[in-house]
Amino acid sequence: MRFVRGLSCMGCGQIYEPSPTRYLCDRCGPKTRLDVLFDYEKIKKIYSREKLEQKKEAGLWRYLPLLPVDPDKVETGLKVGGTPVYESSRLGRKLGLEKIIIKDEGLNPTGSLKDRPSALAVVKAREAGAEIISCSSTGNAASSLAGNAAAGGMQAVIFVPRRAPAGKLAQLQIYGALVISVQGSYGDAYALSDQAIEKYGWYNRNAGINPYLVEGKKTATLELMEQLQWEAPDWIVLTVGDGCTIAGAGKALHDLKSLGYIQKIPRLLGVQAAGCAPITRAWRDKTELEPCSENSLADSIAVGAPRNWQKAVRAIEDTEGNMINVEDEEILEMMVLLGRSCGVFGEPAGVGGLAGVRRARESGLIGKKDTVAVIITGNGLKDIENAKEAAGGAYSLKPEIDEVENILIREGLR
Ligand SMILES: *Cc1c(COP(=O)(O)O)cnc(C)c1O
Ligand SMILES: [Zn+2]
């Protein structure tokens, strides 16, 4: 916390002491959010791109001076971050781009970008002296919290909506979380978790209100920029549910610009599912958020009442970015395209960004020569049902070589 100046309210500007359990502004309450403020001048004195490059260990703790934690409370738990980036000309050709980079966040320890805020939350809980840490989630926040809590010797209590995919639920059980499956929507699960957290004094890992968690999410973009040798792409593309992930990307770019590590700010492209796109609407119409129903198979971004929409909208505006909606069918197509062109298997919300890129190329928003970095936010193994739907089944045949021959001919492989 050496470099944190305080927490400031997005609504009224009030500054608060950065205690681990300061989640909201006393005056504005849940209507608005707090931001973590850093002292960049102080950070510049001890931290530089060169010093960073000398560090051997990959992962989110590389960026410790830019994280709102007490360094003494950081214990190495799971190896979070350090995920690969790939440049793929095959994928680029399919999308009409000269240069596309993907970052596979599905290779985090529990299979999604959510490991970053969850690892940070475990440290904050330790700072707060809490033994139980809780959240409500459509899946990945929960499974990553369960895994990171287990690695840190803490108990997780998770509230999940009924529709969470089986892979994510299985992770929770294996990591030993107490799982409370709420008969209702994500909104209902969220409200119940809020009540329980308040009543029992648990640490709150709901990224929609806990201001520290966006700082964990930002490390995906810090790392991406370091991997690109600080050469900013024209666009960074992410899917948007609650809004914290893209808010984290915006914060990372703000940090790097303030420190002078990058000159140009990439534009953020936020992608929502057409069946649940309240943040796109609020951004486009410049209105307050209007909650909507949750009609998308991309469960991780089907958030009808997002909690961090203001920070998401601000990140888009600050970077002169854009928002795009995509249909579920396009998302399934991208699961297949990414798998077949890059060997990377993403869950629906994980690959949604690619569908947004295709639309943005068609509309001319993204030009052929623009460099585009797409963050694949979660692993496809979490959601096998949708993968099977996207990719189709296998041939079943008698154990005879002639049958093999027929299939090879049908598939054009002979
Ligand atoms: C959580 C999540 C997102 C969206 O992040 P928000 O902070 O909710 O906007 C996107 N993809 C995956 C795989 C996720 O788990
Ligand atoms: Zn306020």
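The numbers here are math on the coordinates, done by the rules we state, and not lab data. Here the structure is a predicted model, which is why all the values come from computation and not from measurement. Please note: Cβ atoms are built from the backbone with ideal geometry, for glycine as well, and neighbour counts cover all protein chains shown.
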### Query
Taking Cα centroids, how far is the stretch 98-156 from the stretch 185-259 in Å?
11
### Query
Cα axis of helix 244-258 to longest principal axis of the chain: angle in degrees, 0 to 90, nearest 10?
60
#### Entry: Burial order of peptide ranges 344-351, 311-318 (average beta-carbon count within 10 Å, highest first)
344-351, 311-318
### Query
Which of 372, 258, 337 sits closest to the plus end of the dipole of the chain, meaning its Cα is farthest towards the positive end, when Lys and Arg get +1 and Asp and Glu get -1 on the C-beta?
258
### Message
Between 0 and 90 degrees, rounded to the nearest ten: what's the tilt of helix 140-151 against the longest Cα principal axis of the chain?
### Response
70
### Message
Rounded, prolate or oblate, given the Cα gyration tensor of the stretch 202-351, with a/c below 1.5 counting as rounded?
### Response
oblate
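Is the stretch 142-277 best put as rounded, prolate or oblate by its Cα gyration tensor, with a ≥ b ≥ c the root eigenvalues, rounded for a/c under 1.5, and otherwise prolate when a/b is larger than b/c, oblate when not? Numbers along the way, then the final one.
On the way: a/c = 2.24, a/b = 1.83, b/c = 1.22.
Since a/c reaches 1.5 and a/b is larger than b/c, the shape of the stretch 142-277 is classed as prolate.
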### Task
Provide the packing ranking of 112-122, 171-181, i.e. peptides ordered by the mean count of other C-beta atoms within 10 Å per residue, highest first.
112-122, 171-181
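When Rg is the radius of gyration of the Cα atoms in the stretch 167-242 and Rh is its Kirkwood radius, what does Rg/Rh come to?
Values: Rg = 16.9 Å, Rh = 15.6 Å.
Answer for the stretch 167-242: 1.08.
If you put +1 on each Lys and Arg Cβ and -1 on each Asp and Glu Cβ, how big is the dipole of the chain around its Cα centre, in Debye rounded to 20?
On the way: 53 positive and 52 negative charges, 208 e Å.
The calculation lands at about 1000 debye.
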## Note on the structure
To the nearest 0.05, the calculated FRET efficiency linking residue 327 and residue 200 through their beta-carbon distance, R0 being 56 Å, is 0.85
### Task
Could you tell me which of rounded, prolate or oblate describes the chain, using a ≥ b ≥ c as the square roots of the eigenvalues of the alpha-carbon gyration tensor, with rounded for a/c under 1.5 and, failing that, prolate when a/b is larger than b/c and oblate otherwise?
prolate
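Using a simple charge model, +1 on the beta-carbon of Lys and Arg, -1 on the beta-carbon of Asp and Glu, nothing else, what dipole does the stretch 1-96 show about its Cα centre, in debye to the nearest 20? Please list the in-between numbers first.
Values: 19 positive and 12 negative charges, 86 e Å.
Rounded to the nearest 20 debye, it is 420 debye.
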### Message
Can you tell me the orientation of helix 328-342 relative to the chain, as the angle in degrees between its alpha-carbon axis and the longest Cα principal axis, to the nearest 10?
### Response
80
#### Entry: For peptides 98-107, 82-91, sequence by mean Cβ density within 10 Å, most packed first
98-107, 82-91
### Task
State, to one decimal in nm, how far the label point of residue 54 lies from the label point of residue 404, with both points 7 Å from Cα in the Cβ direction.
5.8
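Find how much the distance from residue 173 to residue 90 grows on full extension, using 0.36 nm per residue of separation minus their present alpha carbon separation; answer in nm with one decimal. Could the numbers behind the result be given before it?
Numbers: separation 83, 0.36 × 83 = 29.88 nm, distance 3.87 nm.
The span from residue 173 to residue 90 would gain 26.0 nm if fully extended.
For the chain, what is the calculated [θ] at 222 nm in deg cm²/dmol (nearest 500), taking -39500 (n - 2.57) for each run of four or more DSSP H residues and dividing by its residue count?
Values: 15 runs with 168 residues, N = 414.
Computed ellipticity for the chain at 222 nm equals -12500 deg cm²/dmol.
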### Query
Taking R0 as 22 Å, what's the FRET efficiency between residue 39 and residue 72 from their Cβ-Cβ distance, rounded to 0.05?
0.70
